[in-house]
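The values are calculated or read from the model by the stated rules, or taken from the named source; none is laboratory data. No experiment lies behind these values; they were computed from the predicted model shown. Cβ placement follows ideal geometry from the backbone for every residue including glycine, while neighbour counts extend to all protein chains displayed.
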Amino acid sequence: MSDTIIEAVGLTKRYGDTLAVDVLTFTVQPGRVTGFLGPNGAGKSTTMRLVLGLDAPTAGTVTVAGQRYADLARPLHTVGALLDARAVHPGRSAANHLLALAQAAGIARTRVDEVLGLVGLESIAGRRAGTFSLGMSQRLGIAAALLGGPPVVMFDEPVNGLDPEGIRWIRTLMRGLAAEGRTVLVSSHLMGEMALTAQHLLVIGRGRLLADSTVDEFLHRHGTENVLVRAGEQDGLARLLRRSGAHLGTDGDALLVQGLTATEIGKLAAADGIALAELTPRRDSLEDVFMTLTADAVEFGVSA
Amino acid sequence: MNILRSEWTKFASLRSTWLTATVTVVLALSVGALSATGQARGYPDASAAERTAWDPTAASLTAITVAQLAIGVLGVLVITAEYATGSIQPSLLAVPRRGRLLAAKAGVFTLVAVLIGQLIGFTSFFLGQAVFAGQGVPYATLGQPEVARAVIGGGLYLAALGLLGLGLGTVLRSTAGAIGTLVTVTLLVRAVAQALPERMAAWVNKYWPTASGERIFSVVPTDGALAPWPGFGLLCACVAAVGAGGYLLLRTKDA
């Protein structure tokens, strides 16, 4: 399905002295949610603006369905995007905002009511957008993105400012869109959120691509696994584990074991007659992995 | 065609559009009628030379001068409101060919501005002539030579000023900046020019686009001024140049 792929080759964008996007090469495939991760200022929004032709790249190319966005015959039927939920005239009603977009793209008026229903805004369709909460604005932006029923959708930080119910709604929506075979690219600086939503990750820092892999691969490659152990006879256990080649650390009064699995630790302790009070396998959260990976790529990092 | 309909929806779906248009028409007609009354009262005391220069058509069209800034501001807002609210971004996603977006905006707004212009032109002409007739001052009728041209021209002048606003808004992308420039161009330059050495003042009075454009709604020729159509043509050329600049910047600058 090459007609739904987003493809960037050597994509570069410079604003004055700032290199916002630094030779990015990637493809975004259909049928799965691709999380576009990076700390604030990493270049996620800029990349999306380049995909959509709002800004012109300094070098490189980016295409959707094999064409530059500006060359698409029916852009809203090909790509739906939500970049900034507040990018609506506050004096215009939700229905008229969508109607103007639909008319420009040659989309039937009935589709406006359809997408309003889809995002649950039909009851306030006639209200001026300026009176909307951020959550309602996000829904309006998503309605606009879905107007043309596009095979490619892009959302920039869609869960920002949403309540838990709204977050769950967006998560389900994005997974549903991907399950229908669409290409879904969603940016976030919240790793935990992506762990729950995305199947694939593009990680960038300072405009550079740091990782392009599935979520599982990403954790496996960049994360470390360790086991938290507590025992009555902690010193004896520590000697035992060290002899077996484990690296030990502490977490409060517990031992943090690296290099042995929980099963191996359990067997060793049982063989030595040591009673364990706790045995918990721990994997770095996506958040930790991300922090480690982007530590030197954070633009406004706090030095430790 | 689709994009024109879309731009009409954007224009017509804002309460502020109708409010601005209504206020423009009402204010222009009111001030125009007051001005016509004042000029009629002054006529009996006028010198012979002033009576020769008496142009009842132009005297009834003060409303055009009053409305020019308001309609220019309406034109500015057609584009700068999109930048101020951020809605330019969804607009450009729906119509990524930026020239078409601007052309559709200009098309819809020209239609609106011409209608408002003609409404103000004809209404203030008839109001003014009724005032002059009532005061026993020489008045004009549409059937007299050049009068219909001047009345229709007044409306066209307003449409040109509106498009100048749209052009400035497209170049500057900022409401305050564009309106400031509009005020400078239409009022300040000409006011300041009167304090300049005579030759420079005369040049501004003859060639400054809004000055030359005003000839289109006068009937009695003024010494040292351009003829009506060349004068209006000069204004239109300048408006087109600003619009072309806006188009180039829209095409080439990041949104």
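Just checking, which of B:Leu196, B:Leu188, B:Leu226 is part of a helix (DSSP H, G or I) and hydrophobic (A, V, I, L, M, F, W, C)?
Numbers: B:Leu196 fails: part of a helix (DSSP H, G or I); B:Leu226 fails: part of a helix (DSSP H, G or I).
On inspection, the qualifying residue turns out to be B:Leu188.
Going by what's in this entry, would B:Ala36 be described as in a helix (DSSP H, G or I) and more than 30 Å from B:Arg100 (Cα to Cα)? Steps first, please.
Values: in a helix (DSSP H, G or I): yes; more than 30 Å from B:Arg100 (Cα to Cα): yes.
Here the answer is yes, as B:Ala36 does meet what is asked.
In segment A:189-212, which residues are in a strand (DSSP E or B) and either in contact with a strand residue (DSSP E or B) (Cβ under 8 Å, 6 or more places away or on another chain) or polar (S, T, N, Q) (or both)?
If we filter segment A:189-212 for residues that are in a strand (DSSP E or B), which is where we start, we get A:200-205, A:208-212.
Passing the criteria: A:His200, A:Leu201, A:Leu202, A:Val203, A:Ile204, A:Arg208, A:Leu209, A:Leu210, A:Ala211, A:Asp212.
Answer yes if at least one residue in segment B:99-113 is touching a Ser or Thr at 6+ places or on another chain (Cβ under 7 Å), over 20 Å from B:Ala244 (Cα atoms) and either within 14 Å of another protein chain (Cβ to nearest Cβ) or part of a helix (DSSP H, G or I) (or both), and no otherwise.
no
Test A:Arg230 against the criterion of being basic (Lys, Arg), in a helix (DSSP H, G or I) and in contact with a Leu (Cβ under 9 Å, 6 or more places away or on another chain), and give yes or no. Working first, answer last.
Details: basic (Lys, Arg): yes; in a helix (DSSP H, G or I): no; in contact with a Leu (Cβ under 9 Å, 6 or more places away or on another chain): yes.
Considered against the rule, which asks whether it is basic (Lys, Arg), in a helix (DSSP H, G or I) and in contact with a Leu (Cβ under 9 Å, 6 or more places away or on another chain), A:Arg230 comes out as no.
Anything in segment B:17-28 that is free of Cβ contacts under 8 Å to residues at least 40 places away in the same chain and within 14 Å of chain A (Cβ to nearest Cβ)? List them, or say none.
Residues of segment B:17-28 that are free of Cβ contacts under 8 Å to residues at least 40 places away in the same chain, as a first pass: B:18-19, B:22, B:26.
Matches in segment B:17-28: B:Trp18, B:Leu19.
Looking at segment A:55-74 only, could you name the residues that are free of Cβ contacts under 8 Å to residues at least 60 places away in the same chain and either hydrophobic (A, V, I, L, M, F, W, C) or crowded, with 19+ Cβ neighbours inside 10 Å (or both)?
Of all residues in segment A:55-74, those free of Cβ contacts under 8 Å to residues at least 60 places away in the same chain come to A:55-63, A:67-73.
Matches in segment A:55-74: A:Asp55, A:Ala56, A:Pro57, A:Ala59, A:Val62, A:Tyr69, A:Ala70, A:Leu72, A:Ala73.
Can you name the residue in segment B:77-97 that is in contact with an Asp or Glu (Cβ under 7 Å, 6 or more places away or on another chain) and more than 7 Å from chain A (Cβ to nearest Cβ) and is also nearest to B:Asp254 (Cα to Cα) among such residues? Please lay out each step first, then the result.
Residues of segment B:77-97 in contact with an Asp or Glu (Cβ under 7 Å, 6 or more places away or on another chain): B:86, B:88-89, B:91.
Keeping just the survivors that are more than 7 Å from chain A (Cβ to nearest Cβ) gives B:88, B:91.
Numbers: B:Ile88: 11, B:Ser91: 14 Å.
The extreme case among them is B:Ile88.
Considering every residue within segment A:36-54, establish whether at least one is part of a loop (DSSP other than H, G, I, E, B), within 14 Å of chain B (Cβ to nearest Cβ), at pLDDT 95 or above and farther than 16 Å from A:Leu185 by Cβ. Break it down into steps so the answer makes sense when it comes.
Going through segment A:36-54, the residues part of a loop (DSSP other than H, G, I, E, B) turn out to be A:38-43, A:52-54.
With the extra rule that they be within 14 Å of chain B (Cβ to nearest Cβ), the set shrinks to A:52-54.
Filter once more, keeping what is at pLDDT 95 or above: A:52-54.
With the extra rule that they be farther than 16 Å from A:Leu185 by Cβ, the set shrinks to none.
Taking every residue of segment A:36-54 in turn, none turns out to be part of a loop (DSSP other than H, G, I, E, B), within 14 Å of chain B (Cβ to nearest Cβ), at pLDDT 95 or above and farther than 16 Å from A:Leu185 by Cβ.
Answer yes or no as to whether A:Arg86 is touching a Lys or Arg at 6+ places or on another chain (Cβ under 7 Å), more than 26 Å from B:Met1 (Cβ to Cβ), among the charged types (D, E, K, R) and assigned by TED's automatic domain parsing to the domain that holds A:Met154. Step through it out loud before you land on a result.
Details: touching a Lys or Arg at 6+ places or on another chain (Cβ under 7 Å): no; more than 26 Å from B:Met1 (Cβ to Cβ): yes; among the charged types (D, E, K, R): yes; assigned by TED's automatic domain parsing to the domain that holds A:Met154: yes.
For A:Arg86, the condition - touching a Lys or Arg at 6+ places or on another chain (Cβ under 7 Å), more than 26 Å from B:Met1 (Cβ to Cβ), among the charged types (D, E, K, R) and assigned by TED's automatic domain parsing to the domain that holds A:Met154 - is not met.
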